[in-house]
Structures are given as C-alpha cells and as structure tokens.
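Down below is the structure, laid out as structure tokens.
The values are calculated or read from the model by the stated rules, or taken from the named source; none is laboratory data. From a predicted model like this one, the values you see are computed outputs, not experimental measurements. All Cβ positions, glycine included, derive from the backbone under ideal geometry; neighbour counts span all protein chains shown.
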Amino acid sequence: MSAPLLEVEGLSTTIGAARVVDDLRLELARGETFALLGESGCGKSMTALSLMRLLPPAGRIESGAVRLDGVDLLRLSEAEMRRVRGARLAMIFQEPQTSLNPVMRIGAQIAEAVRLHAGAAAAAVDARVLELLHAVGIPDPERRAREYPHQLSGGMKQRVMIAMALAGDPELLIADEPTTALDVTIQAQVLGLLKTLQQQSGLAVLLITHDLGVVAETAERLAVMYAGEIVETATTAAFFAAPAHPYSRMLLDSLPTADKRGARLAAIPGRVPPLDRAFTGCRFVERCPRALARCAEQLPPWHEAGAGHWVRCHLWDADQVDAATVAAPAVAEGEQAPAGEDAAPLLEVADLKVHFPIHRGVLRRVVGQVRAVDGVSLQLRPGRTLALVGESGCGKTTAGKALLQLIAPTAGSIRYQGHELAGLGHRRMRRFRKDLQIIFQDPHASMNPRMLVGDVIGEGLQALGLARTRPERLRRAAELLELVGMPGAAVERYPHEFSGGQRQRICIARALAVDPRVIVCDEPTSALDVSVQAQILNLLKDLQARLGLSYLFITHDLSVVAYLAHEVAVMYLGRVVERGRVDEILERPRHPYTRALLSAVPVADPRAERRTLRLEGDMPSPSAPPPGCHFHPRCPEARPECALAYPEGRAVSATHRVHCLLVEAGR
Amino acid sequence: MPLMPVVLWTDALLYLLLALLGGFAWHAARHEHLRAPWRRVARSRIGVVTLVVLGCYLLVAVLDSVHLRLRLADQSGATSAETRYSPEVLSLLDLALAGLRSQSEKTYSAPFATHLYVKEAIELPDGRVLRDYPRLVHGGAHLDDPAARGLDILWRGLLGALLGLALWGAILFALSAALARRRGITPALMRARIKAGRTEVPWRAALLTLASILALGGAVALLAGHYHVLGTDKVGEDVLYQALKSVRTGLLIGTLTTLVMLPAALLLGIMAGYFRGWVDDLIQYLYTTLNAIPGVLLIAAAVLMLQVYMSNHAEDFASLVERADLRLLFLCLILGVTSWTGLCRLLRGETLKLRESDYVQAASALGVGHFTIIGRHILPNVMHIVLITLVLDFSGLVLAEAVLSYVNIGVDPTMNSWGNMINGARLELAREPVVWWSLSAAFVFMFTLVLAANLFADVVRDAFDPRLRGAA
Ligand SMILES: Nc1ncnc2c1ncn2[C@@H]1O[C@H](COP(=O)(O)OP(=O)(O)OP(=O)(O)O)[C@@H](O)[C@H]1O
Ligand code: SF4
Ligand code: SF4
Ligand SMILES: [Mg+2]
C-alpha cells in the first residue's frame, strides 16, 4: 500500500478545561472517502478544525502530529499553513447560509478563492469560475455567477461552497456535515456530486457526519467517535456487517426502520459525559449495558476485531472474543393490535387551504399568494399515527398548525368528531383545545425560558381550568414528568438546565397535561441525536399504546415513518400527492415523487441494492407553482399532458390514493 | 414641627422610579435568568466604575428631590396654635449647601478669586474714590493678605482630601468586614484579595474610583467654605452650587422621559406586534406620522403654549419652584411623546418574532388567553429591550435638555440646569477677558455624567447580548 495522504497521530485538543479531542489517530489514503461518525458534542467538528488549524480562540492543540504527505502541519508557521489551506486541504461547513458573504456576487466570491491560490490573470479567473460552477453541476453558470447568495437555494449554496473549496485543487476535502441542513433529495444530489468529483480528480474526502445512512452510502472506511476519542475504526462493509463496539452496536440498533416496527428501539440511556475531567476507564462505561468490572478502572486498549477493524473495548480481550455476544439483546415485543383501523375517523380534513398574501409597495397591496397549503385532505383515526411526509417548505408545519387553528385556514373544513373547527374564534375553539395538542421541532425554542418547568407544564391546566391552584398543578406536573420518564423534582427547575431530549420530554408532558386525544408532532426528533431520538420514539409509542393517542406525525425522515406510522401522506408543494397505508407507500409507491424521495434516503446498510432515482433541481416556490402537475418540471417520467391540468386523485386500492396521470395509464 | 415636607410632581415620580427599580432588583435577585446579566455587569470593571460615578450623581439628585419648607423663626409664642412656614421651598441639598447658596457676590468672580472680576468705584477710607477690583464679600474674605491664598488653598485642599480619604478608609473597612463575613474569611484576608484584584466583582476598581471621588469631594467641600471654587456668575451666584443643583434636572429628564413614555410604547408596540392586522396598521400609521413631524417643532410649540398658559394663570402656582417643576414634568412628557416611537418600533418587531415562537404557539394551542400570553410570555421576554433602550436613551436625553434650554424651549429659566448655565454663559463668552467658568463647569459635569452613562450602557448591552454570553 502506498504511503497514506493524511496521517494523524496522537492528536489532542483542549478548549479551556475540556479535552475535546483525545489521542486521535487516523490514516487516509488518496482518493478515499473516510467518515468520522459521532453524535453531537463528541468532538468531530473540533477534530476537523484542529486539522485545519482553525480552532476557536480558547482552543489549543496539546500534542500530536498531522502529516499531510509527510509534512507535519502542526509544525508549519501560520504563513505556511495559509498556503496549505485551500491549496491542499479544503473544508466545507454545515451551514451554507452563513458561510457565504450575503452582499457579494457568487462569481466574485469564487473568483476570490481562485485568485488566492492561482493568482491568475483576470480572464483566466473568470473562465475558471465558470468551469468550477459547471463542475459542481450548477445549471446556467454565467447567470448564476452574477447572482447573490440569497437568490440561491440551500443545495445550490452548498454547491457553491464546494466550488470554492475546489478552487485551489485540494488533495483533501474536509466536509463537516455538508448535507445536514439540506433536504433528502438535495442531499442525494450533493453526495452524488462529491462522489463524481472524487472519481474525476482523485480527491480524498474526510466526511464528518452523524448520519449512519450517509456513511453507508458514501464512505469506504470510517471511524466512530465518542466523547473525544475514536472507539472503533473499520471498513464500512465490515462495520455494518458486525459493529464491534457496544456503542456502535447500539447506535445501529437505535435507528428506526420498518423491521423494528413491533419492537422498541435500543435507546442508549444517559448522555455523553462532560469532557472536562480525566477518564480512568472506558468513557462509555456509564451507558454500556455490557460493562465489565474493570471497565471503570482500566482504559480499554485497541483490539483487532478483524482485518483493518480495530476497536477500543475490553470485551475484545483475546481470551473472550465472542463477537456475537457484543450484540445487545433485542427487546422484541408483539405489535399492538391494529386498533382503530376501520374506526370512524377522529379528525377529518377536507381540502384545507392556507394562503399567505404577499404585500408589496407603500400601500401594501396584495400582489400574490403563497400557497403554503393548497388543498390537503387527511383522515386520522383514533389510536393511529398518520405521517405527513415532505421536504422542507412543502407546507407540512403550516398544515399542522392550521389543524389546530393556530393559523387561520383560508378554505376547507376540519371536522373533529363531527364538529367543524375551521373558522372558530379563539373563544369557541377553547373547548376543543383540550383534545388537540402539538409538539414542536426545536426543544430549545418551545419553552418560555423564564418559566419553571412546573409552570410550563401547568399552563394548559390553568388556562382550561382543569387545576385551579398552583400546588395542584405542580403535583400534576410532577406526575406527568414521571409519565414521560423524568424525575418529578424537575418542576422546580428552569428549561435551560435540561438537555435536548429531556426538554422534548417536558414538551410532551405539557401536551399530555390536558389529556388530549390527538397530538400533532411537528418533527419532534429532527433536532435530536439518533440515540435520543430512539428514546423519544419509544416514549411516543408507549404513550400511544397506553393512552390510545392519535398522532399526526410531521416529518421528513422516512425511516421514522417506517417505524412509527400506520398511514402516510406525502406532500409536495402544498398538496398531498399520495397517501395510503405505510406498507403501500413504502413498498409499492406509485407517485414518481414518492419513489424519488424513498430512493434518496440513505440506508444504513451498504449491501442494500438500490435503484437510484435522482431528482434534478429544487422544489419550486409555492407562490408560483408550475401549471398542471406541480411535479412535472422535476418528474423523470413527465409527459406533455402532465403540464395541462393537475391530476385528479386516483384510487389504487381502498386505502391508497395517488395524484398522477401515470397511475391510470400504468394499470 | 420645624419643617413641612413638600412633594413636587417630579419628586413623586422619582420616588416611584426608585421604588420600581428597587422592586425589580428584589424580583431579579430571586430569578436566575434575570440576575445573570446583571451579574455580568457587576463583574465588569467599567461597569462598577461607572456605577460608582452614576451612584454619586444619583445621591445628589435624590438629596435634591426631598423638598420642604422651614418654619419661620419669628413666631413670638403668641399664636402657637398656627405655625407659619417660609414660602420658600428648599431641598435637602439646599440645606446641605446653605453656605454656598447664601454666599453670593455682586457679580462675576473667577474660580478661587479674592477679588471681583470687574472694576468698580471703591470709596477709600480717606474719601477718595478709586476704580479697582474690589475684594469679594465671601471668597477669600478670611485672608489678610490676598496674595497668600496659594498656600491657603493648598493646605485646605490637602486637609479636605485627607478627610475624604479617612471617610473612604472607614467605608473600606466596613465593606471588607461585610464581604469577609459573607465568605467566612478574615477581613484582613478579604482586603488582601481586594488589593490583589482577586475578587469576582472588581471591588478594587470600584474602591479606587470612590477614593478619587471622595478625596476630590473632601477637598472641594473644605475649600468651598472659603472660596468660590468654580467662581460666580453674573448675579454673583456660586457656580459650583448651580452645577450641583443641575444634576437633578439632568437626571430627571434622562429617566422620567423614558418612564412616562414607557406605558404607551409597551402597550402599543406589543399590541401592534401581537394582534397585527388593522391594529398594527393603525399603530404603525400613528408612529410614522409622529415621526414625520420634526421633534423640535413639536417641543417648541408645546413649550411656548405652556409658557403662555402659565403666565396667564400665574396665581395657580403656589411657588416659583412648583411652577418650574411643572414645566420640567411637561418637558419630560413632550420629549417622551417625540421619542417613544423608536422603542415602540423595536417592541413591535420583537413581538412579531416572539408571537411566532413555539412557546407562544404552544400556549395558544393550550387555550391560554391573549392577554395572559402577552403578560406571561411576551412582556417578560421583551423587558431586556426596554432596559437597554432606557439606559441608551439616557445620555441622549440629558444632552437634549441642554440643547433645548439653550434655545429657550427647555426647562424654566429659574431652574438650575446645565442648559440654562450654558445659555447664560453664551453672552459672556464674547466678553473680553472671557468668562469661561460657567460653561466649563456645566460641560465637565455633563460630560462626566454622559460618559459614565454611555459606558454603562455599553456594558449593559453586552451583558444582555446572547451572542456574547458564551464568551463572558
Ligand atoms: N467554542 C467553543 N468553546 C468551548 N467549547 C466548545 C466550543 N466549541 C465546541 N465546544 C465543545 O467541544 C465539544 C465537541 O464539539 P464539536 O463541535 O466538535 O462536536 P460535534 O460532534 O461536531 O457536534 P455537532 O454534531 O453538534 O456539530 C463539545 O463538548 C462542545 O461543547
Ligand atoms: S470497555 Fe467496557 S464499558 Fe467500555 S464499551 Fe467495552 S464493555 Fe462497555
Ligand atoms: S402526473 Fe406526470 S408529471 Fe406529475 S407525477 Fe405523474 S407523471 Fe410526473
Ligand atoms: Mg459539529
């Protein structure tokens, strides 16, 4: 094997008192994609910044060596390092929004990067800019080069970032969560782009991500980070076939998939230990279900678990190797009786529309409408989960809020147990508030930071007059906290004292306080780590079984859908394009958009044979939807007649309806 | 009773403001999220230094806001049932500075002068008349030989500074004992820590500031008994006295204006942002219209109208002081009317953002009423904006007073204010030789206050800025 391109040895980085990267070792060959996998706060970004020597002011590299082609980057002067950055080593960041200068034209920003490394003549620079834009697959590069960042979509911006990173022809690209802020179909585009670039130029990529699916699809080798150190490194195939570290194992088990529908997900209890203390034993010991007596006292050494597969765990001591035993016992549980399958719908939405007027000019005249929700019909049965799936901006959240009358619907009807809710005023809506509740995406923004947890949970009890005195409310709040798996003493504390997962539990408790029948869950887990997501999904499932709740589960994550939902509705540009039972949608999708969505989701199984169906372009703006079928500009199977009229819904089965011309034709 | 308290309108409002501040401090001390930013203020060196300076100004203003009327002395026992009080309304500060107030000269005299600034005809004992600078009635009157005043000034100044430092020493001991008790260490150790600057609150900086103020104050206090430290003005009034009396005016304008405009700005700003729709349109229309009228014009019109009213109804006012006070209040009001729009706009924007926040949505979903939502979720979360605006506006308003009084549409001409001092000094600048001390005194006092307030405002803003929160 030739000498590796990048060799990191014993790298330790501290920020203040916290040792955020500890004794890190990794090797990266030319043209290889290497993934660094870990949950938030485990030190992935700090590793990347250490390699680039771009640490925040409080950060310091304590020891170690970072050799790029044999040259130790940590020994270079700052001036020499500046020449390495961009020219040999480039980086792209998670947020394309904030990494571009909003007042500079795209072309000028790329030209700046080009000039920095080549110092070429003006004409050559322009040509190179267009070449780069072309290379990252931006259509019509001449026009785009003259535009400003806000005129580009998120995916385009990330492409521009990649173009800038490529300006200096680097040998190694460090990509820190390059697709986390993007939609799945756009993520598929960007990952595909990285792959092509790599094949063309022999670029090596250090891909930092928390998404096991992305790793499985793109990386050749990977390392798992936990609390500042690497605990396992292996080839992707070997890792997914048999993860050796208990943490890796549980991480895989905590992924929601269709196969695990009946079972509980393996949630990892507890949280990542704080890094500002010295570790005497294994860092995972507090959360490890298989911890041995010596785990707390002895640092686990590296063990070889297979060819090129190394793991840091005492279980792999030579005398007791038994890979199979590493597997945590799966907690199987029978699927609950499919209650309510044919019960009368609890909530029936017909042709719901929410349009937001666009005001312009001094007189604030209405010049157009954003058709955020444009004719959505749904049915939610008691004790069931209906998933509303779609990419960002398709109107999922608006639909959810309109259901609860948090946004006044423009048209359509919402019937709850036969009562019409649409158009009810604040006062008359009150008696239905008790039954319909909502949980939000961002657990950090969904609680008033100035209220005690007990008062947060008690708010509904007070407003609806269910518990009139504060002691009574606090008592109820404590009970509810126990119900969602938190200590009742938490009522006396402020929201900021809790982690994301705990806050989400508090929000669930707040919704449960008024004893609702229906809960709208608006991406309740997308801001959480996989292992924490598993805890919340388990909790939601338990609550449904115990209390017979119905969920309208809004999400963009199809693996969660597969695990949790009974029925699915797929939304595109304000309309439901396909809906049906979960098995119908996931296994026999009929609408081209659903198919594309499904094929874009990275699957955490490198052996999975998948027909890739890649969508081009972005979702159009809901203020000017395309005529005819909204999907036709991007649809791989579009025909001329698709542009004429919006396709009527066609029933594929009693439960399965699709809005696509092809369906009838294909039958 | 030897005196009768008098509560002027502005006094009452100042007490109210102090009570509000006290109440807020009491409330904030109990809530970590409110206490945290103030703790950051208290831990910043600039923060405590400016706090000490502002505290001194506040002390002067509060002393000057306790008004009373003294009992007339010549009540020869006959009708003791009815006590009569002097018509003159005095403040505690007036009583403390009684010497300064009464020791007036004939006209201008320079700082530390022993002679008047203008020549007069002096009749000599032998009957001849001489044109010369006469001796002052009070300034340096104790000196036999005016030429020897240098030594006298030095000696008295030093003595005063030493007395000031002695007082400071007492404060130091009391403070370190109190702090040491709280931490459970000996006072000596506490002093060593303060000296080394190893305390969380930068006590050393605060105490050093206090030491300089007390030393200066001591020296001036001792000297003021025998000299006009900052000279006298046209009618011979002591400029130091005027400058100190002006502190209250400046401080009141800076704080009361915000206080009177606060309810309107809060109510309208939050309503506009929360209810949107026609309520929002109406309120926005209101403040854009108000904003379009030049503020000075509005103020000039209002003040002139008030002037006319007051001269036509002179009998309605019990005393000159009350009349001046009402005019001050009115000025605060009208300044408030012209300046609430900025805060209102800020509050509207913040409320627009907050009403979309998840916790407000969650509260609506739980059926919480609109006004409860405003009171519980919106108001507490915009309070920091109110606070920051209050502190930031303060210095601007102090300066505005000076400018308005300068063009004669500010406070009553009989009221001491820096603006009036500058206005009075305007003509004297043209004199030859120049009379510079009134202007300089007003400038120094105002500059110190505004600088301290601005620096304090910066510290407060940084302390409340969530982006800097992690760094602190
Ligand atoms: N500027 C900073 N100052 C102090 N600590 C920091 C700073 N940035 C990060 N940390 C700490 O360093 C540790 C590692 O952070 P890092 O950003 O590398 O995690 P990550 O795995 O990339 O997480 P995420 O997936 O959320 O981006 C965390 O404990 C974090 O709190
Ligand atoms: S070393 Fe021990 S505690 Fe750590 S992962 Fe292995 S078994 Fe678990
Ligand atoms: S109707 Fe036509 S454009 Fe629309 S999804 Fe079907 S095939 Fe594609
Ligand atoms: Mg990160």
Residue match in the stretch A:440-454 (condition: outside the structural domain of A:LEU543 (by TED's automatic domain parsing), at pLDDT 85 or above and in a helix (DSSP H, G or I)): yes
Exclusive hit being modelled with pLDDT of 85 or more, of a type in the set (A, V, I, L, M) and under 26 Å from A:GLY38 (Cβ atoms), set A:ILE457, A:ILE536, A:ILE508, A:ILE519: A:ILE536
For A:VAL285: the one exception among (1) in contact with an Asp or Glu (Cβ under 9 Å, 6 or more places away or on another chain); (2) part of a loop (DSSP other than H, G, I, E, B); (3) within 16 Å of ligand 2 (Cβ to nearest atom): (1)
Test for A:ILE536: is it buried (at least 19 other Cβ atoms within 10 Å of the Cβ), away from chain B (no Cβ under 12 Å) and not hydroxyl-bearing (Ser, Thr, Tyr): yes
Members of the stretch B:392-411 found to be surrounded by fewer than 21 Cβ atoms within 10 Å (Cβ to Cβ) and either of a type in the set (A, V, I, L, M, F, W, C) or assigned to a loop (DSSP other than H, G, I, E, B) (or both), listed by number: B:LEU392, B:LEU399, B:VAL403, B:VAL407, B:ASN408, B:ILE409
Per-region count, the stretch A:11-65, residues assigned to a strand (DSSP E or B), within 13 Å of ligand 4 (Cβ to nearest atom) and in contact with a Lys or Arg (Cβ under 7 Å, 6 or more places away or on another chain): 1
The stretch A:612-634, residues that are of a type in the set (Gly, Ala, Ser) and touching a Cys at 6+ places or on another chain (Cβ under 8 Å): A:GLY628
Candidate set from the stretch A:465-484 (those that are assigned to a loop (DSSP other than H, G, I, E, B) and surrounded by 16 or more Cβ atoms within 10 Å (Cβ to Cβ)); member that is nearest to the other protein chains (Cβ to nearest Cβ): A:LEU466
Pair list, Cβ < 8 Å and 6+ apart or interchain, from the stretch B:111-124 residues that are closer than 19 Å to B:LEU429 by Cα to residues that are among the aromatic types (Phe, Trp, Tyr) and surrounded by fewer than 18 Cβ atoms within 10 Å (Cβ to Cβ): B:LEU116/B:TYR133; B:TYR117/B:TYR133; B:VAL118/B:TYR133; B:LYS119/B:TYR133
Condition check for A:SER526: surrounded by 22 or more Cβ atoms within 10 Å (Cβ to Cβ), touching an Asp or Glu at 6+ places or on another chain (Cβ under 7 Å) and either within 22 Å of A:GLU39 (Cβ to Cβ) or not small (Gly, Ala, Ser) (or both): no
A:VAL224 being crowded, with 21+ Cβ neighbours inside 10 Å, more than 19 Å from the chain's Cα centre (by Cα) and within 16 Å of ligand 2 (Cβ to nearest atom): no
Single match in A:ILE106, A:ILE186, A:ILE162, A:ILE138 (criterion: surrounded by 23 or more Cβ atoms within 10 Å (Cβ to Cβ) and at pLDDT below 85): A:ILE186
All positions within the stretch A:295-309 that are within 8 Å of ligand 2 (Cβ to nearest atom) and either part of a helix (DSSP H, G or I) or without any contact (Cβ under 8 Å) to a residue 12 or more places away in the chain (or both): A:CYS295, A:ALA296
Residue list for the stretch B:442-459, filter: more than 18 Å from B:LEU58 (Cα to Cα) and surrounded by 19 or more Cβ atoms within 10 Å (Cβ to Cβ): B:VAL459
Among residues of the stretch A:400-434, those that are within 14 Å of chain B (Cβ to nearest Cβ) and not in a strand (DSSP E or B), counted: 21
Filtered residues of the stretch A:1-10 (kept if hydroxyl-bearing (Ser, Thr, Tyr) and part of a strand (DSSP E or B)): none
Set B:ILE388, B:ILE378: member being within 14 Å of chain A (Cβ to nearest Cβ), farther than 30 Å from B:PRO87 by Cβ and either over 23 Å from the mean Cα position of the chain (by Cα) or of a type in the set (Val, Ile, Thr) (or both): B:ILE378
Within the stretch A:377-399, tally of residues that are within 19 Å of A:ARG657 (Cα to Cα), modelled with pLDDT of 90 or more and assigned to a loop (DSSP other than H, G, I, E, B): 2
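A quick yes/no check of all residues on (1) assigned to a helix (DSSP H, G or I); (2) over 22 Å from B:ALA113 (Cα atoms):
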position: B:LEU130; (1), (2): no, no
position: B:LEU143; (1), (2): no, no
position: B:LEU158; (1), (2): yes, no
position: B:LEU163; (1), (2): yes, yes
position: B:ALA178; (1), (2): yes, yes
position: B:ALA188; (1), (2): yes, yes
position: B:LEU222; (1), (2): yes, no
Every residue from the stretch B:355-369 that is in a helix (DSSP H, G or I), out of contact with any strand residue (DSSP E or B) (no Cβ under 6 Å at 6 or more places or on another chain) and facing chain A (nearest Cβ under 7 Å): B:ASP358, B:TYR359, B:GLN361, B:ALA362, B:ALA363, B:SER364
Only listed residue being farther than 23 Å from A:CYS394 by Cα and touching a strand residue (DSSP E or B) at 6+ places or on another chain (Cβ under 9 Å), chosen from A:ALA237, A:ALA145, A:ALA219: A:ALA219
